[in-house]
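S.K.: Could you have a look at this structure, given as C-alpha cells, before my questions?
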Amino acid sequence: QLQLVESGGGLVQPGGSLRLSCAASGFTLDRYAIGWFRQAPGKEREGVGCISSRAGSTNYADSVKGRFTISRDNAKNTVYLQMNSLKPEDTAIYYCAAYRMMIQTPCILRGDYWGQGTQVTVSS
C-alpha cells in the first residue's frame, strides 16, 4: 500500500514558523515529485508548491513565495515544507501528494497519491 503521512501541523502566531513533514511508505520517494496543497474551510484546494524528484527544483505559489521552502531528504523518504512568516490566511489543512517522475523535469502541482492532511492554524 502506497501511503503518504503528513505531520508537524499545529497552532502558531502570525509571523511564526512551522515545518511540515511528508513521510512515504510503500514506495521510495526519490523518484516522485511531491506537491504541497492546502484547503481552508469553505475554500477550494490551493496548490502551495512542489519539488521535483531526486534533487529536483521547486515551484511555489505566489502567495507563499519567499516564505515557504520545500526540501527533501531521500534517505529518510521524507519531504518537508518549511513555513516562515506565517499569516492568518495560511490557516488550512495541508496535504502532500506525489506523482511519479522517473526522468527529472520541472514539477507541477499534481498528485496521484495523497496524504491525510495536517492542520495548520495561524492565529493570535
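The values are calculated or read from the model by the stated rules, or taken from the named source; none is laboratory data. The structure displayed is predicted, hence computed values, not measured ones. Cβ coordinates were reconstructed from backbone atoms using ideal geometry, including for glycine residues, and neighbour counts include every protein chain displayed. Surface accessibility is based on the protein's heavy atoms, side chains included, excluding ligands, DNA and RNA. Shrake-Rupley method; radii C 1.70, N 1.55, O 1.52, S 1.80 Å.
S.K.: May I ask you to list the residues in segment 105-124 that are among the hydroxyl-bearing types (Ser, Thr, Tyr) and surrounded by 12 or more Cβ atoms within 10 Å (Cβ to Cβ)? Before the answer, list the steps.
M.R.: Just the residues of segment 105-124 that are among the hydroxyl-bearing types (Ser, Thr, Tyr), to begin with: 105, 113, 118, 121, 123-124.
Within segment 105-124, THR105, TYR113, THR118, THR121 meet the criteria.
S.K.: For segment 2-19, which residues satisfy the criterion of being aliphatic (A, V, I, L, M) and over 15 Å from the mean Cα position of the chain (by Cα)? First the steps, then the outcome.
M.R.: Let us first name the residues in segment 2-19 that are aliphatic (A, V, I, L, M), namely 2, 4-5, 11-12, 18.
Within segment 2-19, LEU2, LEU11, VAL12 meet the criteria.
S.K.: Given the criterion aliphatic (A, V, I, L, M), within 12 Å of the chain's Cα centre (by Cα) and over 14 Å from PRO41 (Cβ atoms), identify the matching residue among MET102, MET83. Quick ask: steps written out before the conclusion?
M.R.: Working: MET102 fails: within 12 Å of the chain's Cα centre (by Cα).
The match here is MET83.
S.K.: For segment 78-105, which positions are at pLDDT 95 or above and not in a strand (DSSP E or B)?
M.R.: Matches in segment 78-105: ASN84, SER85, LEU86, LYS87, PRO88, GLU89, ASP90, THR91.
S.K.: Could you look through segment 72-104, keep only residues that are open to solvent by 70 Å² or more (accessible area, probe 1.4 Å) and of a type outside the set (Lys, Arg), and pick out the one that is nearest to THR121 (Cα to Cα)? Please lay out each step first, then the result.
M.R.: Taking segment 72-104 and keeping what is open to solvent by 70 Å² or more (accessible area, probe 1.4 Å), we get 75-76, 87-89, 100, 102-104.
Imposing the further condition that a residue be of a type outside the set (Lys, Arg) reduces the set to 75, 88-89, 102-104.
Numbers: ALA75: 30, PRO88: 7, GLU89: 9, MET102: 35, ILE103: 36, GLN104: 34 Å.
Selected residue: PRO88.
S.K.: Can you work out which of the residues in segment 2-16 that are small (Gly, Ala, Ser) and assigned to a loop (DSSP other than H, G, I, E, B) is least open to solvent (accessible area, probe 1.4 Å)? Let's see the steps before the verdict.
M.R.: Filtering segment 2-16 down to residues small (Gly, Ala, Ser) leaves 7-10, 15-16.
Okay, now just the ones that are also assigned to a loop (DSSP other than H, G, I, E, B), so 8-9, 15-16.
On the way: GLY8: 36, GLY9: 34, GLY15: 56, GLY16: 19 Å².
Applying the filter and picking the extreme gives GLY16.
S.K.: Right, something else. I'm trying to understand the selection: among the residues of segment 48-58, which are open to solvent by 30 Å² or more (accessible area, probe 1.4 Å) and out of contact with any Asp or Glu (no Cβ under 7 Å at 6 or more places or on another chain)?
M.R.: If we filter segment 48-58 for residues that are open to solvent by 30 Å² or more (accessible area, probe 1.4 Å), which is where we start, we get 54-55, 57-58.
Across segment 48-58, the qualifying residues are ALA55, SER57, THR58.
S.K.: Now, a different point. For SER63, are the conditions met, namely being out of contact with any strand residue (DSSP E or B) (no Cβ under 6 Å at 6 or more places or on another chain) and modelled with pLDDT of 95 or more? Let's see the steps before the verdict.
M.R.: Numbers: out of contact with any strand residue (DSSP E or B) (no Cβ under 6 Å at 6 or more places or on another chain): yes; modelled with pLDDT of 95 or more: yes.
It is true that SER63 is out of contact with any strand residue (DSSP E or B) (no Cβ under 6 Å at 6 or more places or on another chain) and modelled with pLDDT of 95 or more.
S.K.: Another one. Could you grab me the full set of residues in segment 64-77 that are closer than 19 Å to ALA40 by Cα and either outside any loop (DSSP other than H, G, I, E, B) or in contact (Cβ under 8 Å) with a residue 24 or more places away in the chain (or both)? Write out each step before concluding.
M.R.: Of segment 64-77, the ones closer than 19 Å to ALA40 by Cα are 64-65, 67-68.
Of everything in segment 64-77, those that are closer than 19 Å to ALA40 by Cα and either outside any loop (DSSP other than H, G, I, E, B) or in contact (Cβ under 8 Å) with a residue 24 or more places away in the chain (or both) turn out to be VAL64, PHE68.
S.K.: Moving to a separate point now. Mind checking which residues of segment 17-47 are open to solvent by 70 Å² or more (accessible area, probe 1.4 Å), free of Cβ contacts under 8 Å to residues at least 40 places away in the same chain and farther than 17 Å from SER63 by Cα?
M.R.: Those that are open to solvent by 70 Å² or more (accessible area, probe 1.4 Å), free of Cβ contacts under 8 Å to residues at least 40 places away in the same chain and farther than 17 Å from SER63 by Cα: PRO41, GLY42.
S.K.: Only one of (1) surrounded by 16 or more Cβ atoms within 10 Å (Cβ to Cβ); (2) closer than 11 Å to SER21 by Cβ fails for THR69. Which number is that?
M.R.: Against the list (1) surrounded by 16 or more Cβ atoms within 10 Å (Cβ to Cβ); (2) closer than 11 Å to SER21 by Cβ, THR69 comes up short only on (2).
S.K.: Take the residues in segment 20-45 that are over 18 Å from LYS87 (Cβ atoms) and basic (Lys, Arg), then tell me which one is farthest from the chain's Cα centre (by Cα).
M.R.: It comes out as ARG31.
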